[in-house]
Every structure is written in structure tokens, then in C-alpha cells.
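Below: one structure, written as C-alpha cells.
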Amino acid sequence: MTPLRADAARSRERILEAAAGQDRGTLRLNDVARAAGVGVGTVYRHFPTVDALVEELTAGTVQRALDAARAAVADDAAGPAFHGFLSAVLDLMLADDGLQQVLLAAAGASPEVRDAKAELTRSAAVLLERAQRAGDVRQGLTLEQLMHLVCGFEHAARLGPPEDRGTIAAVLHAGLRPD
């Protein structure tokens, strides 16, 4: 990839700064252009879609989730490793409102994020299977179901006050344990 000209790099940074503080679910490229003080064409040259912009804003969080997955896979304690990874992902989802959108997107704009998501999915599947084999997570729960539960947790946690998040997370973890 060719390096950006200095003025293009400055514009890209202004775009990212302007978008960083906005809700990822309602992000509009025209609004970002206005906030960044650049033309909308400049925004589209750097980020052809809202998804591409959200992915760029969230790439660091995806990497932190992958780091948590790698650490959990390296941990021999199947149940604690799974639940620790799950807690890390839940915290990251609440810290970065673009994470769910990026993780659920069918395709990614950057090969780095696409590869990180693929490894994250494989690692989550390994962690779930290990925890189920160890008897720490209920049998029959699929990775897809787990992903839906995590998305539901994020939605439920955002609806209530921050002090409810611990209780909601505890209920999620308890519900994953075998009967």
C-alpha cells in the first residue's frame, strides 16, 4: 500500500477524530465530513462505506479481543479460561459500540480485521468446546447461540444504568453453566 500524502494523512486523521466520538450505530459519512471540516468526497475516498469507517475505528478493539482469545486458548483451565474470555469480550463490547457491528459484518474492508475476526471465531469455538468437554459450560450450546447471547447482553446492559452490568453479566455466566 502506498503511503498517503501528508495532506491526505491529515484529512484521514481528522475524519477518524470526528467519527470517534459518535455513536457507531447512527454514524453518517456526510455528518463526519462536516465535523471533520473536509468534503464528503474526501471521506468517501478514505472510507467508501460507514462499515469501513466503523471497522477502522474498531480495529484496535478487535485486536484486544483477539489477544484475550489467544491468552484464554493458552490457559489450561478450560472453564475459567472460557469465562474470562467471555468477560473480556463483554467489557470490550460495552467500551466500543462498534465491536458488535464489526464482528457480525459478513465481510470486512481490511484483510487484517478479516483475519483477526476469523482467528477470533476459531478461538471462541475452541474455548467453548473445551469448556463443554470439561463440564463447565452446558452441552448443546452452539457458538452461534453464544454470539446471540453476547449481543443480547450488550443490548440489555446498554438499556440499564452502568451499575446493573455486573448483575446482567453474572446472570449470563450462570446461565451458561450446566444444569
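Brief remarks follow.
- The set of residues from segment 41-51 being buried (at least 17 other Cβ atoms within 10 Å of the Cβ) and not charged (D, E, K, R) comprises THR42, VAL43, HIS46, PHE47, VAL50.
- ARG64 being of a type outside the set (Ser, Thr, Tyr) and closer than 23 Å to GLY166 by Cα: yes
- Residues satisfying the stated conditions in segment 130-143, i.e. open to solvent by less than 90 Å² (accessible area, probe 1.4 Å) and either charged (D, E, K, R) or part of a helix (DSSP H, G or I) (or both): ARG130, ALA131, GLN132, ASP136, ARG138, LEU143
- Among the numbered conditions (1) modelled with pLDDT under 95; (2) surrounded by 14 or more Cβ atoms within 10 Å (Cβ to Cβ); (3) of a type in the set (A, V, I, L, M, F, W, C); (4) closer than 26 Å to ARG12 by Cα, the only one that LEU66 does not meet is (1).
- Close pairs from segment 54-83: first without any contact (Cβ under 8 Å) to a residue 60 or more places away in the chain, partner open to solvent by less than 10 Å² (accessible area, probe 1.4 Å) and not in a helix (DSSP H, G or I), Cβ under 6 Å, at least 6 apart: VAL54/GLY98; LEU57/GLY98; THR58/GLY98
- Any hit, segment 85-98, residues being assigned to a helix (DSSP H, G or I), among the small types (Gly, Ala, Ser) and open to solvent by less than 40 Å² (accessible area, probe 1.4 Å): yes
- Extreme residue, nearest to ARG158 (Cα to Cα), among residues of segment 8-34 that are part of a helix (DSSP H, G or I) and open to solvent by 70 Å² or more (accessible area, probe 1.4 Å): THR26
- A count restricted to segment 35-51 and to residues that are under 22 Å from the mean Cα position of the chain (by Cα), hydroxyl-bearing (Ser, Thr, Tyr) and not in a loop (DSSP other than H, G, I, E, B) stands at 0.
- Residue pairs meeting the criteria (Cβ under 7 Å; at least 6 apart or on separate chains; first in contact (Cβ under 8 Å) with a residue 40 or more places away in the chain, in segment 142-153; second open to solvent by 40 Å² or more (accessible area, probe 1.4 Å) and hydrophobic (A, V, I, L, M, F, W, C)): PHE153/ILE168
- For the residues LEU29, LEU57, the requirement of being among the aliphatic types (A, V, I, L, M), closer than 25 Å to LEU94 by Cβ and touching a helix residue (DSSP H, G or I) at 6+ places or on another chain (Cβ under 7 Å) singles out LEU57.
- In segment 144-174, residue nearest to THR121 (Cα to Cα) [restricted to those that are among the acidic types (Asp, Glu) and surrounded by 12 or more Cβ atoms within 10 Å (Cβ to Cβ)]: GLU154
- Qualifying position, being among the aliphatic types (A, V, I, L, M), in a helix (DSSP H, G or I) and open to solvent by 60 Å² or more (accessible area, probe 1.4 Å), among VAL102, VAL126, VAL113: VAL126
- Selection of segment 84-106 for residues being without any contact (Cβ under 8 Å) to a residue 60 or more places away in the chain, of a type in the set (A, V, I, L, M, F, W, C) and within 16 Å of ARG165 (Cα to Cα) yields ALA88, LEU92, ALA95.
The values are calculated or read from the model by the stated rules, or taken from the named source; none is laboratory data. Everything numeric here is computed off the predicted structure, so don't read it as measured data. Every residue, glycine among them, receives a Cβ derived from its backbone with ideal geometry; neighbour counts consider all protein chains shown. All accessible areas refer to the heavy atoms of the entire protein, side chains included, with ligands and DNA or RNA removed. Shrake-Rupley method; radii C 1.70, N 1.55, O 1.52, S 1.80 Å.
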